[in-house]
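The values are calculated or read from the model by the stated rules, or taken from the named source; none is laboratory data. Bear in mind the structure is a predicted one, so any value in this text is a computation, not a measurement. Heads up, the Cβs are rebuilt from the backbone with ideal geometry, glycines too, and the neighbour counts pull from every protein chain shown. Just so you know, the surface numbers come from the protein's heavy atoms only, side chains and all, with ligands and any DNA or RNA stripped out. Shrake-Rupley method; radii C 1.70, N 1.55, O 1.52, S 1.80 Å.
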Amino acid sequence: MGTRGREIVGKHADRVIELLNKAFADEWLAYYQYWVGAKVVSGPMKDAVIAELMQHAADELRHADMVSNRIIQLGGTPVTTPMKWFEFSNCKYDEPSDPFVKKILEQNIGGEQCAISVYHAMIEEVAGKDPVTWNMAAQILQDEVTHEEDLQALQEDLELMLKGRT
Ligand SMILES: [Fe+2]
Ligand SMILES: [Fe+2]
């Protein structure tokens, strides 16, 4: 823990750590959902979808790293067992039980939209209280917005292909 670093967050630190641990659980669940989705996905354009999902999975893991570093800076402990991920997470885990590419894209777009809402809410709540967490959440939000757009662009191409227009 950085003592002066925590001091500037003052009485808000415990609440910020709680928000961060919830986002941390989300990132791990998103990482696994995208990673395993990339393994099982099938159907048209699957190679392009696999490449995108693997890139997103790597980004979610990097986000988990960023969030855990901030938790530790504030004197907290990142959730230490995967058993707690479901308890802490904001976004549900969408099991890729149907491997069809259209379904996997829909599930993962839902995941990105949830992540966008989570980081947007975090930014609003910590504004004026914790500039370091604000800045981290803004960086992650930027990635999640890009992720949503990447997947929706693939979804549009897939729709065209399924309609036989390409
Ligand atoms: Fe993320
Ligand atoms: Fe994402």
**Q.** Mean projected area (nm²) of the alpha-carbon convex hull when segment 111-166 is viewed from all directions
**A.** 4.0
Q. Using the alpha-carbon atoms, what tilt in degrees (0 to 90, nearest 10) does helix 131-162 show relative to the longest principal axis of the chain?
A. 10
Q) Dividing the alpha-carbon Rg of the chain by 2.2 N^0.38 Å yields what? A) 1.13
Q) What is the spin-label model distance, in nm, from ALA51 to THR3 if the labels are put 7 Å beyond Cα along the C-beta direction? A) 5.2
Q: Starting from the residue with the highest accessible area, list ARG62, ARG4 in decreasing order, probe 1.4 Å.
A: ARG4, ARG62
Q.
Is there a quick way to get the dipole size of the chain? I mean about its Cα centre, with the Cβ of Lys and Arg at +1 and of Asp and Glu at -1; what is the value in debye to the nearest 20?
A. 420
Q) Given PRO99, LEU141, ILE72, which one lies farthest toward the positive end of the charge dipole of segment 53-166, if we put +1 on the Cβ of every Lys and Arg and -1 on the Cβ of every Asp and Glu? A) ILE72
Q) For segment 33-76, what % of the accessible area comes from carbon and sulfur atoms, probe 1.4 Å? A) 56
Q. Between LYS92 and THR80, what is the label-to-label distance in nm when each label sits 7 Å out along the Cα-to-Cβ direction?
A. 3.1
Q: With a/c under 1.5 counting as rounded, go ahead and sort segment 6-102 into rounded, prolate or oblate using the C-alpha gyration tensor (a ≥ b ≥ c being the square roots of the eigenvalues; past the cut-off, prolate if a/b is larger than b/c, else oblate).
A: prolate
(Q) As a test of the formula, what do you get for the chain when each DSSP H run with n ≥ 4 contributes -39,500 (n - 2.57) and the sum is divided by the residue count, at 222 nm and rounded to the nearest 500 deg cm²/dmol? (A) -25500 deg cm²/dmol
Q. Which of the peptides 149-157, 67-75 is most tightly packed, and how do the rest follow, judged by the mean count of other Cβ atoms within 10 Å per residue?
A. 67-75, 149-157
(Q) Rounded, prolate or oblate, given the Cα gyration tensor of segment 65-159, with a/c below 1.5 counting as rounded? (A) oblate
Q | Selection of trypsin sites (Lys or Arg not before Pro), segment 94-166, meeting DSSP coil and at most 13 other Cβ within 10 Å | A | LYS163, ARG165
Q) When only the heavy atoms of the protein chains count and the probe is 1.4 Å, how do LEU61, LEU162 rank by accessible area, highest first? A) LEU162, LEU61
Q: Just grab the label-to-label distance for PHE100 and VAL36, each label 7 Å out from Cα along the Cβ direction, in nm (one decimal).
A: 2.1
Q | Partners for LYS22 among lysines (Cα-Cα distance below 24 Å; same-chain residues under 8 apart left out) | A | LYS11, LYS84, LYS92, LYS129
Q) When only C-alpha pairs under 8 Å and at least 6 residues apart count, what is the relative contact order of segment 88-166, in percent? A) 31
Q: Calculate, for the chain, the solvent-accessible area per residue in square angstrom, rolling a 1.4 angstrom probe over the heavy atoms of the protein chains.
A: 52
